[in-house]
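Asker: Please find one structure pasted underneath; my questions will follow.
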Amino acid sequence: MEAIKAFGQHFLIAREVAEFMVDAASISKKDVVLEIGPGKGMITKYLARKSKKLYYIEKDVRLKEALRYILGDVEAFWGDALVVSWPEEINKLVSNLPFNIASQVIFKIPETYDLAILGVQKEFGEKMVAKPGDKNYGRLSVSSQLLFNIKLLNTFPPEVFSPRPEVGLAIIKLIPKKRLSIWPELEIFIRDVFCYPNKTVNNALKLAGYDVKTKLRKKVRGLSKEEVVKLFKMLHK
């Protein structure tokens, strides 16, 4: 079966990756788990065996046969994970995410989840955990770190997939934080200002259409997440 490029498909073929992810999630018979994009079921079979109940969402109906014989209390949703409603009883998300929807899925994770163990593109994972001043630090870093406690657990080479992608895999652990009440507006502000990561804060604010000056003399890339929130609140008094 050939992968569908538009779906961002790269089928996981390495058992050690699946076992690592499931172990990292500490799945027990108390857990109701969601998997997005199970593919041919490499991770799915472990999740179904260890969890109380497993839900999975898969867009490619060609994979029904490959997933038909997964043992356990399993319920399938066939459709787009960005459109399908996620069951409310879920407390853990474990997925090797389709690369083309990773960021959209991550920002959809409810704050009620205990954790998420996710496989993402290596560069994407490195951006999520980047620190102020790092070359990879930007909008994704700030937004992710405001919403989650994040840890990059491991990386694997492209060969763990078929077809082989151009980049390797990063396994990240996310623990949701309580979402700030100002989040929708703050997210827009982060997007606007971090369009200019190498500009000084005042220049970036001006370019983004904010008619205000601050005493900050650093570049946008050097702003910590706490400074971003403080700056936003100052601008919206």
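The values are calculated or read from the model by the stated rules, or taken from the named source; none is laboratory data. This one's a predicted model, so the numbers in the text were calculated from it and none came from an experiment. All Cβ positions, glycine included, derive from the backbone under ideal geometry; neighbour counts span all protein chains shown.
Asker: For segment 85-119, name all the residues that are hydrophobic (A, V, I, L, M, F, W, C) and under 15 Å from LEU147 (Cβ atoms).
Answerer: Correct list: LEU93, ALA102, VAL105, ILE106, PHE107, ILE109, LEU115, ALA116, LEU118.
Asker: Do you know which residues across segment 177-222 are aromatic (Phe, Trp, Tyr) and free of Cβ contacts under 8 Å to residues at least 40 places away in the same chain?
Answerer: TRP183, TYR196, TYR210
Asker: Considering (1) at pLDDT 95 or above; (2) among the polar types (S, T, N, Q); (3) touching a Phe, Trp or Tyr at 6+ places or on another chain (Cβ under 6 Å), say which one THR112 fails and leave the rest.
Answerer: Here THR112 meets the rest and fails (3).
Asker: What are the residues in segment 77-102 that are crowded, with 17+ Cβ neighbours inside 10 Å and either polar (S, T, N, Q) or under 26 Å from LYS29 (Cβ atoms) (or both), if any?
Answerer: Within segment 77-102, PHE77, ALA81, TRP86, ILE90, LYS92, LEU93, VAL94, SER95, ASN96, LEU97 qualify.
Asker: Would you be able to tell me the number of residues in segment 121-139 that are buried (at least 22 other Cβ atoms within 10 Å of the Cβ) and outside any loop (DSSP other than H, G, I, E, B)?
Answerer: Selection size over segment 121-139: 2.
Asker: Just to verify a result, which residue in segment 160-176, among those that are free of Cβ contacts under 8 Å to residues at least 60 places away in the same chain and farther than 21 Å from ALA116 by Cα, is surrounded by the most Cβ atoms within 10 Å (Cβ to Cβ)?
Answerer: Once the filter is applied, the top-ranked residue is VAL167.
Asker: Let me ask another. Can you pull out the residues in segment 34-58 that are closer than 19 Å to PHE99 by Cβ and without any contact (Cβ under 8 Å) to a residue 24 or more places away in the chain?
Answerer: TYR56, GLU58
Asker: Would you confirm, using the coordinates I've provided, whether ILE150 is surrounded by 15 or more Cβ atoms within 10 Å (Cβ to Cβ), within 17 Å of GLY138 (Cα to Cα) and in contact with a helix residue (DSSP H, G or I) (Cβ under 9 Å, 6 or more places away or on another chain)?
Answerer: Judged against the criteria, ILE150 is a match.
Asker: Taking helices (runs of 4 or more DSSP H) that do not extend beyond segment 1-118, which have at least 1 residues that are within 30 Å of SER143 (Cα to Cα)?
Answerer: 15-24, 44-50, 102-106
Asker: With the structure loaded, tell me whether LYS225 is touching a Pro at 6+ places or on another chain (Cβ under 9 Å), touching a residue at least 40 places away in the same chain (Cβ under 8 Å) and under 19 Å from LEU140 (Cβ atoms) or whether it fails that test.
Answerer: Yes, satisfied.
Asker: Being in contact with a Pro (Cβ under 6 Å, 6 or more places away or on another chain), under 27 Å from THR112 (Cβ atoms) and surrounded by 17 or more Cβ atoms within 10 Å (Cβ to Cβ): is that true of TYR46 here?
Answerer: When the stated conditions are applied, TYR46 does not pass them.
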